[in-house]
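Working notes, beginning with the structure itself.
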Amino acid sequence: MCGIIGYVGTRDAAPILLEGLRRLEYRGYDSAGVAIQNGAGLQVLKLAGRVHALKERLGREPLHGTSGIAHTRWATHGAPTGRNAHPHRDCTGDIALVHNGIIENADALRAALERQGHRFTTETDTETLAHLIEDAAGATLEDRVIAALAHVEGTYGLAVMSAAQPGKIVVARQGSPVLLGIGDNELFVASDASAVLEYTRSVVYLDDGDIAVLTPTEYHVIDSDSHVQLREVDDVTWDLAAIELGGYPHFMLKEIMEQPDTVRATLRGRLLFEHGTARLNGLNLPPEACAEIRRIVVVACGTSWHSGLVGRHVIEDLTGIPVQVEYASEYRYRRQLALPGTLTIAISQSGETADTLEAMRAARAAGSRVLGIVNVVGSTIAREADGGIYLHAGPEIGVASTKAFTSQIVALVMLGLYLGRQRGLDEEQGREIVCRLAQLPQLVSRTLALEPQVKALAERYADKPNFLYLGRGVNFPVALEGALKLKEISYIHAEGYPAAEMKHGPIALIDANMPVVFVAPKDAVYQKVLSNMQEVKARGGRIIAFTSEGNGDLSALADQQLRVPATLPLLSPVLTSIPLQLLAYHIAVLRGCDVDRPRNLAKSVTVE
Ligand code: G6P
């Protein structure tokens with residue numbers, strides 16, 4: 001949610017900043033801007049719209065200089081206009097800054113600053129920071145930033161420059177991700193590693209409360225107690241190719257097609273065939289701690305919440321431990337029940353979702369051990385959790401999550417298997433699950449081969465205004481996820497429902513104009529789902545059935561049927577979700593939507 005990048009070095013800053021913004025655009029893309037420091041002080045160019053529009057403007061009106069900061073925005077306070085775009089400035093023009101996060105006491109600060117004579121030019125919360133720094137006492141920019149932030153409540157990843165101190169960027173972090181990129185005679189600050197990977201693999205992740213000071217040749221980090229800190233330099237392990245389109249028209253399609261590899265990467269080195277269990281070294285969950293678990297609470301948002309719902313079925317089935325799955329944004333504000341034996345699992349692709357992070361912190365404060373199931377290595381949730389499972393699915397750039405979802409399910413199955421084997425799941429059953437997990441990458445490839453048929457379905461139904469997605473049991477969350485995919489990238493209204501619960505309301509919507517997508521692989525509720533299909537058919541609904549190989553012919557009921565490969569029912573969501581991803585993708589493309597950057601959305605939601 002908002003991307004920031006800054007550069008100090010010896011090269012021309014603007015192209016580096018623009019390239020960084022392009023990579024960060026998935027974080028927000030309603031406006032963009034840049035501030036470049038040169039002989040004429042700090043020069044700012046900003047506009048409403050995408051980074052490519054900023055690039056075009058800079059092509060016509062170049063700004064040259066060897067240091068600068070830049071921003072791509074997802075609006076919270078103030079409309080997405082050119083005026084509200086970052087960087088923001090103080091009254092004198094000495095300060096320019098870019099910010100990711102929310103200043104919660106901005107209204108009170110603004111009123112006080114205006115009373116003191118400050119002139120505001122935007123509707124944003126961020127502008128208060130520029131005026132606070134303008135007024136703050138201190139010999140250096142970092143002193144003034146520290147003094148200003150003492151008045152601020154809220155979250156920030158912040159990069160500040162002063163015309164009076166050229167070649168320096170001051171960075172601050174509280175609740176919003178920021179890292180430093182360490183190059184040769186050049187330094188970077190960015191919201192994530194993708195923005196700097198072209199120039200360096202060495203990064204320093206900042207902690208909350210940190211202030212960092214960057215000049216071309218030197219950086220230092222000051223912690224919240226004003227002590228200069230040595231921070232570990234981490235190596236980014238993935239390649240630039242992972243964040244390039246590689247011949248695909250969209251990141252979403254690339255990421256859907258990568259799933260045989262990403263599922264394989266999540267499984268790699270973790271299956272113990274002989275013992276019928278999983279090796280999850282990062283869990284930090286010794287057998288005594290496993291034995292003490294009385295309940296599991298999953299906290300997550302969006303697609304990750306859907307994988308949590310799949311995880312509930314899987315873990316309850318394999319372990320007998322009750323699992324509750326909570327929207328992180330709701331859970332964090334509920335009374336935290338300090339029940340002994342609670343294990344909290346935060347699921348997050350980005351590892352930065354503000355509500356998930358806060359829900360995890362609230363659970364920990366109530367005495368729970370917390371685990372993270374996270375894709376982005378080094379992210380805040382990964383670092384704050386007591387242990388967890390990395391997905392190793394590689395960077396996910398398309399705003400609609402796809403490969404992270406299937407890897408999350410695989411990780412949850414391995415967790416269920418690991419816990420289950422310590423709580424009565426027998427070795428034979430364990431071995432069966434391990435074997436079936438190992439077959440998944442190949443089955444995912446076979447499922448992806450259905451693409452031409454899914455595309456034909458998309459052509460048939462792309463003009464429909466509403467869709468209903470129905471499933472039961474472990475595939476009910478897949479129905480929710482299928483509906484979410486369609487609505488977020490094609491803007492078609494879509495609802496996911498438990499197939500039987502449909503009778504209690506949504507059935508009233510069914511007519512010949514309403515496509516109803518059934519997720520119906522072979523499992524214990526398959527016959528029940530067939531009855532639900534009959535109910536739709538009897539009311540003239542159009543039925544698209546995603547079933548599995550080995551199930552009988554559905555042509556008497558369904559208008560179209562597609563078959564994914566058969567697997568264990570608990571693993572079926574990994575396969576059934578894939579044609580739904582492809583269906584949403586192709587419908588969105590046919591409707592001319594911006595698949596990778598759907599309107600109003602952002603990939604990483606770092607504000608609550
Ligand atoms: C945003 C994204 C979704 C994602 C959700 C949770 O809404 O657009 O794709 O599922 O955030 O993100 P997380 O990184 O915590 O999984």
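Each value in this text was obtained by applying a stated rule to the coordinates, not by laboratory testing. Keep in mind the model is a prediction, meaning the values are calculated, not measured. Cβ sites come from the backbone with ideal geometry, for glycine too, and all protein chains shown count toward neighbours.
Structure summary
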{"item": "Charge dipole magnitude, Cβ of K and R +1, D and E -1 - segment 142-263, Cα centre, debye nearest 20", "result": "380"}
{"item": "Charge dipole magnitude, Cβ of K and R +1, D and E -1 - the chain, Cα centre, debye nearest 20", "result": "1600"}
{"item": "Net charge of Cβ neighbours under 15 Å - reference Glu481; Lys, Arg +1; Asp, Glu -1", "result": "+1"}
{"item": "3J(HN,Hα) from dihedral phi, segment 236-242, Karplus parametrisation 6.51/-1.76/1.60, rounded to Hz, x for glycine, proline", "result": "6, 9, 8, 9, 4, 4, 5"}
{"item": "Potential lengthening between Asp594 and Glu153 on full extension [0.36 nm per residue; Cα-Cα distance subtracted]", "result": "155.2 nm"}
{"item": "Leading residue at positive end of dipole, the chain (Cβ point charges), from Ile36, Val325, Val376", "result": "Val325"}
{"item": "Principal-axis tilt of helix 476-490 within the chain, Cα atoms, nearest 10 degrees", "result": "50"}
{"item": "Ranking of Val51, Val44 by count of other Cβ atoms within 10 Å, fewest first", "result": "Val44, Val51"}
{"item": "Rounded if a/c under 1.5, otherwise prolate or oblate - segment 513-597, Cα gyration tensor axes", "result": "oblate"}
{"item": "Stretch gain in nm, segment Asn105-Arg83, where the contour uses 0.36 nm per residue and the Cα spacing is subtracted", "result": "5.8 nm"}
{"item": "FRET efficiency, Asp234 to His64 (Cβ-Cβ, R0 25 Å, nearest 0.05)", "result": "0.20"}
{"item": "Gain on full stretching of the segment that runs from Phe273 to Leu337 - 0.36 nm per residue minus C-alpha separation", "result": "19.2 nm"}
{"item": "Pairwise label distance in nanometres, Asp225 with Leu47, each label 7 Å out on the Cα-Cβ vector", "result": "4.9"}
{"item": "Pairs of lysine residues in the chain - Cα separation under 20 Å, sequence separation of 8 or more or cross-chain", "result": "21"}
{"item": "Between helix 106-115 and the chain: long-axis angle, C-alpha atoms, 0 to 90°, nearest 10", "result": "20"}
{"item": "For the chain: Kirkwood Rh in Å [reciprocal of mean 1/r, alpha carbons]", "result": "25.3"}
{"item": "Inter-label distance, nm, simple model (7 Å from Cα along the C-beta direction), Gln165/Arg115", "result": "2.9"}
{"item": "Most positive-pole-ward Cα, Ala147, Gln259, Thr237, against dipole of the chain from beta carbon charges", "result": "Gln259"}
{"item": "Three-way shape call for segment 23-118 based on the alpha-carbon gyration tensor, with the a/c threshold at 1.5", "result": "oblate"}
{"item": "Net charge, Val454 excluded, C-beta distance under 15 Å - Lys, Arg +1, Asp, Glu -1", "result": "+2"}
{"item": "The chain: calculated mean residue ellipticity at 222 nm from DSSP helix runs of at least 4, using -39500 (n - 2.57)", "result": "-10500 deg cm²/dmol"}
{"item": "Positive-end residue of Val529, Leu180, Ser490, charge dipole of the chain with Cβ unit charges", "result": "Val529"}
{"item": "Neighbour-count ranking [beta-carbon atoms within 10 angstrom, fewest first] of Asp192, Asp94, Asp143", "result": "Asp143, Asp94, Asp192"}
{"item": "Pairwise centroid distance, computed over Cα atoms, of segment 529-568 with segment 15-39, Å", "result": "48"}
{"item": "Crossing angle, helix 451-461 versus the chain [Cα axis fit, 0-90 degrees, rounded to tens]", "result": "90"}
